[in-house]
Amino acid sequence: VQLQASGGGLVQTGGSLRLACAASGTLSRINAMGWYRQAPGKQREQVARITSGGTTNYADFVQGRFTISRDNADTTVYLQMNSLKPEDSAVYYCNAERRDSISYWGHGTLVTVSS
């Protein structure tokens, strides 16, 4: 499984960005996809997740501001980020989970929110 993330960039406080993660390869075992982020000096943390059944989960710090979704082919996952804050600045990573708990990671995409 290969994951290609895109959509990061520089935005002002209160602005919006939309990240995309395109998955390719053998996807039949993928049970969920999601987004994580890692800011300098901090641990990687989960931001949002969507299962193959469509169930979504969000970290408390993005509730009501971020929305995770996927395309009909289940090959691309999006993260719509609204009302961005400087503390949202981080490298955002796409993740895909197999049913046997093996995970795949894409290269990160940098999000910078200026104050």
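Annotations
- For Gly15, the amide hydrogen comes within under 5 Å of the amide hydrogens of Leu84, counting only partners 5 or more places away or on other chains and with H modelled in the peptide plane.
- Paramagnetic reach from Ser52 in region 13-43 [backbone N under 16 Å; point 7 Å along Cα→Cβ]: 23-34
- Extension reserve of the Glu87-Leu27 stretch, reckoned as 0.36 nm per residue once the Cα distance is removed: 18.3 nm
- More than 16 Å apart - percent of Cα-Cα pairs taken over region 9-99: 53
- Taking all Cα pairs closer than 8 Å and separated by 6 or more residues, the relative contact order of the chain comes to 37 percent.
- Charge dipole of region 1-110 (Cα centre as origin; +1 on each Lys and Arg Cβ, -1 on each Asp and Glu Cβ, all else neutral): 60 debye, rounded to the nearest 20.
- Computed from backbone phi, the HN-Hα couplings of region 102-115 come to 6, 10, 10, 10, x, 5, x, 10, 7, 10, 10, 10, 8, 8 Hz, rounded to whole numbers (Karplus: 6.51 cos²θ - 1.76 cosθ + 1.60, θ = phi - 60°; Gly and Pro given as x).
- Candidates per trypsin sites (Lys or Arg not before Pro) in region 6-115, loop by DSSP, up to 14 other Cβ within 10 Å: Arg29, Lys42, Arg99
- Length-normalised contact order of region 61-115 in % [C-alpha pairs under 8 Å, at least 6 apart]: 29
Rule-based calculations on the coordinates, nothing more; no lab input. Bear in mind that the values here come from a model prediction, so they are computed numbers and not experimental data. As a convention, Cβ positions derive from the backbone with ideal geometry for all residues, glycine included, and neighbour counts pool all protein chains shown.
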